[in-house]
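Quick notes on the structure that follows.
Read-outs throughout are calculated quantities, based only on the coordinates presented, and are distinct from any laboratory measurement. Remember, it's a predicted structure, so these values are computed and weren't measured experimentally. All Cβ positions, even for glycine, are placed from backbone atoms using ideal geometry, and neighbour counts span all protein chains on display.
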Amino acid sequence: MKWVLAVLLAFATRAIAVDEVPESPVDFIDTSFENASPLWYEVAADGTVLIHLIYDQQRQSLNRAAGHLHFRLQAAKGRKLTLEFKNLDNVWNSKPGSVSGEIRQVVVSPDGKHWTPVPTHSPGPGRVQVTLEMPAAALFVARAEPYRLSDLDRFLEQIRAHPSVRIDTIGQTVQGRNLEILRVGSPEARHRVFLRARAHPWEPAGNWVVEGLVRRLLREDAEAKAWLARHQVCILPMANKDGVARGGTRFNLGGWDLNRKWDQPADPRHAPENAALERWLQAEIQAGRRPALALDFHNDGNGKLHLSRPDGPEGERHLARMQFFETCLREHTWFVEGSTLPSFRNPGSLGEGLLARFGIDAAILEFNCNFIAGLQQPALAKHWITFGEDLVQALEAYFAKS
Ligand SMILES: [Zn+2]
């Protein structure tokens, strides 16, 4: 009788405690490692794990960005978990805009090396959830296959001694990390192309593309040797290293968007990454080595080539050359997404700034973070690597005619 009363009392006490915190289906969400996204979490009454992403913010602006996902779930093996990502209400170019519609898949990995895509679902407007089953006691989750500073360091060490490679330090980030320019090919080459990756930290595709392209060029077959005799590629492989290290989404640690304000000289205090790149470009041009083409690699939910249309006859000629480049991409890579509308302008982006200030044909190339339309496959690093390999041919075709 006594134990029945005790049980009844326990139930009664439980019923009164309306503000009780629910049991957590996860033991912990680990964000202690390189490139992990800053976040905090709680659990909803129905057991959904609510992951509150932390925004990074722009200087002298209320622009803010979240949407980078990279963390390690720790929970019992076999447990089914539903996660919901909060704080997707970014402010972009001074306008509110949710990125919820662009997060159609995440990737998961038990070891942080081998990743599997998992589609997300939406229980309502602006909401993104994913349901996962723990294959072991820990599981990495990411927005796209991560490419960390340590991945770049390992890659540069592997290629550093190759006779066709030169790596120079051109400056430092806000936090003092070295910024490298990687050159592949002959300095006397007729055609020069400049590539930049990772201005925005959440967007790793550009790094995978760079690896694919450079490894293809160093394969030492007849085709690669012929390419390297006629072309040189110069690459700033990770513009926003500080942001990548701390798992940020868009801005550098000075609160600068490294793909904005390219219509004016960069502020060396807040954007030393852009100031270093400008100094390097000016020196190259003075030495008679102006790149004929520049591409800035990004990720988004669309995957288009962003072609700007500056006014005047030079703008028309620029557009014609870039449209031909788009044709080369369609012919030699899996690219099918097309380019921006005929009215598209973005004067502060690197695409337009390099043309206006340095006389270089330039474009922003976005990679769809969810889906590779040309392959009808989920977006994964292996496809970005093959794009980089095939970009060699696309560039060859472009320069052969221009
Ligand atoms: Zn971007």
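For segment 68-152, I need the span (max minus min coordinate) of the C-alpha atoms along each principal axis, in Å, sorted largest to smallest.
In descending order, the Cα extents are 41, 36, 17 Å.
Please grab the % of Cα pairs in segment 27-96 that end up more than 15 Å from each other.
On the way: 1424 of 2415 pairs.
So the pairs more than 15 Å apart make up 59 percent of the total in segment 27-96.
Quick check on the chain: helices-only [θ] at 222 nm, where DSSP H runs of length 4 and up contribute -39,500 (n - 2.57) each and the sum goes over total residues. Nearest 500, please. Please list the in-between numbers first.
On the way: 9 runs with 119 residues, N = 402.
Value at 222 nm, helices only, nearest 500: -9500 deg cm²/dmol.
Report the per residue volume, in Å³, of the convex hull enclosing the C-alpha atoms of segment 228-323. All intermediate terms of the calculation are to be shown ahead of the outcome.
Numbers: hull volume 14.8 nm³, N = 96.
Spread over its residues, the Cα hull of segment 228-323 gives 155 Å³ apiece.
Expressed as a rounded percentage, what relative contact order does the chain have, with Cα pairs under 8 Å and six or more residues apart?
On the way: 869 pairs, mean separation 61.2, N = 402.
That works out to 15 percent.
Take every Cα-Cα distance within the chain, group them into 10 Å bins from 0 onward, and report for each bin the whole-number percent of pairs it holds.
The percentages, shortest bin first, are 5, 22, 30, 23, 11, 5, 2, 2, 1, 0.
Compute the Rg/Rh shape ratio of segment 111-250: radius of gyration over Kirkwood radius, all on alpha-carbon atoms.
Details: Rg = 18.3 Å, Rh = 17.2 Å.
For segment 111-250, the value is 1.06.
Looking at the chain only, what percent of DSSP beta bridges run antiparallel? Nearest 5 please.
On the way: 49 of 73 bridges.
Just about 65 percent of them are antiparallel.
Over 25 Å between Cα atoms: which of Lys95/Lys304; Lys304/Lys401; Lys241/Lys382; Lys113/Lys261; Lys225/Lys401; Lys113/Lys304 fall into that group? Walk me through the numbers on the way to the answer.
Numbers: Lys95/Lys304 21 Å; Lys304/Lys401 23 Å; Lys241/Lys382 22 Å; Lys113/Lys261 36 Å; Lys225/Lys401 20 Å; Lys113/Lys304 28 Å.
In this structure, Lys113/Lys261; Lys113/Lys304 lie more than 25 Å apart at Cα.
Per residue and in Å³, how big is the convex hull formed by the alpha-carbon atoms of segment 295-402?
Numbers: hull volume 10.2 nm³, N = 108.
That works out to 94 Å³ per residue.
What is the ratio of the Cα radius of gyration of segment 169-288 to 2.2 N^0.38 Å, with N the residue count, to two decimals?
Working: Rg = 15.2 Å, N = 120, 2.2 N^0.38 = 13.6 Å.
Taking N as the residue count of segment 169-288, the ratio is 1.12.
Can you tally the net charge around Ala144? Count Lys and Arg as +1, Asp and Glu as -1, for every other residue whose Cβ sits under 14 Å from the Cβ of Ala144.
That sum, taken over residues with Cβ under 14 Å, equals -1.
For His231, what charge total do you get from the other residues with a beta carbon under 13 Å from its beta carbon, if Lys and Arg give +1 and Asp and Glu give -1?
+4
Taking the Cα centre of the chain as origin, work out the dipole magnitude from +1 charges on Lys and Arg Cβ and -1 charges on Asp and Glu Cβ, in debye rounded to 20. Can you show the working numbers first?
On the way: 47 positive and 47 negative charges, 75 e Å.
Around 360 debye, computed over the chain.
What net charge do the residues around Arg192 carry, taking every other residue with its C-beta under 9 Å from that of Arg192, with Lys and Arg at +1 and Asp and Glu at -1? Numbers along the way, then the final one.
Working: positive: Arg190, Arg289, Arg290; negative: Glu284.
Neighbour charge sum, excluding Arg192 itself: +2.
Toward the positive end of the charge dipole of the chain, about the Cα centre and with charges on Cβ (Lys, Arg +1; Asp, Glu -1), which of His162, Ser37, Ala137 goes farthest?
Farthest towards the positive end: His162.
Dividing the convex hull volume of the alpha carbon atoms of segment 2-142 by its residue count, what do you get in Å³ per residue?
Values: hull volume 21.8 nm³, N = 141.
Given the Cα convex hull of segment 2-142, per-residue volume reads 155 Å³.
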